[in-house]
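Enquirer: Please find one structure pasted underneath; my questions will follow.
Where a number appears in this text, it was derived from the coordinates with a stated rule and is not lab data. Fair warning: this is a prediction, and the values are worked out from it, not measured in the lab.
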């Protein structure tokens, strides 16, 4: 229970810092706006002759400046490991930063964040901005005779809570661990509520229809091998690869795929790194 309370305290503190940062940005934007307005108005008042249109204060210019000053990131959960928008190289814009939103045990989602989702198939849902790429990937593999089965995708935080608590109970029954020890063990396999990429809407679990057990043997199926080789073409990565538990906080999961966009996916899969390592490089 102490570990649970620590997670909750960390989440509250992180949300408090984010709210403070948002307020500071707005105050700074207002101050800059006031200064700029004063400068522009001064030019008009003390002008001795006609000015070019570009130097005049217009209602449109003021409106545009206010809009830019108050603009927030498209995705409120896109503040990652360093509390800023993560951009993959110089070409990545803020509009695309949502693809690289980092959510893990150390970086919970923004409280109350709910993605706009669309159905993949079989009543499973995915972030609406990326669902088309996921459907293309599944269709491409199926054309080659593979039989994919989507067994999990977007989950609400409430659903994640149920899964986590159920895992804690099973860990206790199977290992005899209790309290913080049971929760810590459970957290390596089922993410704590609010720290799961499934809550973010950008993660999907895909298995072979004829082998739907979530264990390391899943990696031996033709479906898993095809996904690992081809997923980057559609902007996906194998999110929790082998030997990356220390970086991700999650054990090897050959069924868990995450959308990050083709550019990032290509480099991550080619180099055999995880998302945390990639984001450390591009910051």
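Enquirer: On a C-alpha basis, how far is the centre of region 261-283 from the centre of region 141-219 in Å? Whole number, if you could?
Expert: Here the answer is 23 Å between Cα centres.
Enquirer: Also, I was wondering about something else. Tell me, what is the Rg over Rh of region 177-283, with Rh the Kirkwood radius over Cα pairs?
Expert: Working: Rg = 14.2 Å, Rh = 14.5 Å.
Reported Rg/Rh (Cα atoms, Kirkwood Rh): 0.98.
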